[in-house]
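Read through the structure below, which is laid out as structure tokens, and then see the notes.
The values are calculated or read from the model by the stated rules, or taken from the named source; none is laboratory data. Since the structure is predicted, the reported quantities are computational estimates derived from the model, not experimental observations. FYI the Cβ positions are ideal-geometry reconstructions off the backbone, even for glycines, and counts take in every protein chain you see. Surface accessibility is based on the protein's heavy atoms, side chains included, excluding ligands, DNA and RNA. Shrake-Rupley method; radii C 1.70, N 1.55, O 1.52, S 1.80 Å.
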Amino acid sequence: MAVDYAALKAGGFMRQKQKNTFSLRLRCVGGTVTAEQLAVIKQVADQYGHGYIHLTARQGIEIPFIKLEDIDDVKAALAKGGVEPGVCGPRVRTVTACQGGRCCPSGCIDALDIARKLDARYFGRELPCKFKFGVTGCINNCLKMEENDFGVKGAYDVSYDESQCIDCGVCAKVCRENAITFEDGKLIFDADKCSHCGRCVKSCPTGAWEGKSAFRVYIGGTFGNHIISGKELTPLIKDEGTLMRVADATIDYFDTHSNKGERFGKTLERLGTDELQHILEEAVAGAEA
Amino acid sequence: MADINIDQIENRADITDVVCPVTFVKAKVALEELEPGELIAIHMNDGEPVQNVPRSIKEEGHQILKLIDNEDGTYDLIVRRGEDDA
């Protein structure tokens, strides 16, 4: 019987150079794996693989040296520990995320929560080419959002309450954009310069600066043979509903406008970004509609 | 709030002779030697220390009162020590 390699690849089984041998990619969201999952992964790597795993470039786990004839047994064994195969090929891939505001003092959003929602919404969706989502908790950008087809950076939509300010001057010093200055002892905030990093909020001793979780989105990035940096085509996105509308509009545009095997960045180089930008403006405005 | 006169603050810590993360550790140790409510002036360099140390001190539950720019590449951060359970 002929082996359907495309179906196996779609199901996370990556053909190795060794005949009838596969490296099994697992479904990992935001680089988070539970102890229970690790236990079953260990067992499968011992019993069906070569007793080790490989950590992929995008926070995933692969179990190398799985034999073709063991594939069904391996899937069943993994399922007992709540582990599913991942995907490869022209579809929505592993969603990456940092620990974000759950653990990191710099985090402005719950990156893992957003990654799980994006994964639930799109995981494995068939598209003209691979499509990568990433979520990073803040503007420090540890997860390098510009290399994703759709990268989300956590941010703060900041506001200043003069009545609580003690003029200590810390915010002006920590701001890396020179958006905050003091003139004659009075704080001046230049919102146009603000990068929404939230350092003023995090360092303010009195709570005079407040920050609401928000998102900056980068579209059409790729790292590979031809490197393209994702572009920010939307203003600061201030709520999750808008973020999901923007993601829906982006992936639908990719689905209908990309040629087979063409990464999104290449599509945007070919078509320009004006039309997509217009579509995304409507998606953002949908909040008030 | 009333102006703070740094000359009236006896407790001092100088963290200009160390680098991250020891800057914060040295400041934290100095703060722990104080009684709750006492003031301290922490002398630090421009750049990474002044960007990060104030926030870490706030997260430890201490109260930042003032950041004084000495205009010589150093700053003095005036801090009131928080309660032990802060």
Among B:Ala30, A:Gly224, A:Gly12 the positive-end extreme of the charge dipole of the protein assembly as shown (Cβ point charges): A:Gly12
Options A:Thr267, A:Ala76, A:Thr250, ranked by Cα towards positive dipole end of chain A, top entry (Cβ charges): A:Ala76
Farthest positive-ward along the stretch A:11-80 dipole, Cα basis, beta-carbon charges - from A:Gln59, A:Tyr48, A:Thr32: A:Gln59
Folded to 0 to 90 degrees: helix A:111-122 orientation relative to chain A principal axis, Cα: 50
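Would you mind getting the accessible area per residue of the protein assembly as shown, heavy atoms of the protein chains only, 1.4 Å probe, in Å²? Let's see the in-between values first.
Values: 18520 Å² over 375 residues.
Here the per-residue accessible area is 49 Å².
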Point-to-point label distance, A:Glu126-A:Gln164, nm (Cα→Cβ direction, 7 Å offset): 5.2
Modelled FRET efficiency - R0 45 Å, A:Ala35 with B:Ile9, Cβ distances, 0.05 increments: 0.35
For chain A, size of Cβ-based charge dipole, Lys and Arg +1, Asp and Glu -1, in debye: 1320
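Classify chain B: rounded, prolate or oblate, from the alpha-carbon gyration tensor (a ≥ b ≥ c, eigenvalue square roots; a/c under 1.5 rounded; otherwise prolate if a/b is larger than b/c)? Don't jump to the answer; show the numbers that get you there.
Values: a/c = 1.64, a/b = 1.13, b/c = 1.44.
It comes out oblate by the Cα gyration axes.
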Point-charge dipole on Cβ atoms (K/R +1, D/E -1) for the stretch A:132-289, about Cα centre, debye to 20: 720
Given chain A, longest segment not containing exposed loop trypsin sites (Lys or Arg not before Pro) (DSSP; at most 15 other Cβ within 10 Å): A:20-124
Protein-protein interface of the stretch A:169-188, residues with accessible area decrease of at least 40 Å², isolated chain reference, 1.4 Å probe: A:Val170, A:Lys173, A:Val174
Compactness index (Cα Rg / 2.2 N^0.38 Å), the stretch A:11-80: 1.01
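Which FRET efficiency, nearest 0.05, do B:Arg80 and B:Cys20 yield, Cβ-Cβ r, R0 35 Å? Can you show the working numbers first?
Values: r = 24 Å, r/R0 = 0.67.
The value I calculate is 0.90.
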The protein assembly as shown, accessible surface, carbon-and-sulfur percent (1.4 angstrom probe): 49
Three-way shape call for the stretch A:118-230 based on the alpha-carbon gyration tensor, with the a/c threshold at 1.5: prolate
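Tell me: how much accessible area in total is hidden between B and A, 1.4 Å probe, Å², nearest 100? Mind dumping the intermediate values first?
Values: alone 5410 and 14430 Å², together 18520 Å².
That pair of chains buries around 1300 Å² in total.
Stick to Cα atoms and the Kirkwood definition of Rh, then tell me Rg/Rh for chain A. Please report the intermediate quantities before stating the final value.
On the way: Rg = 22.1 Å, Rh = 20.9 Å.
Computed over Cα atoms, the ratio is 1.06.
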Complex-versus-alone comparison for the stretch A:201-218, residues with a loss of 10 Å² or more in accessible area, probe 1.4 Å: A:Lys202, A:Ser203, A:Cys204, A:Pro205
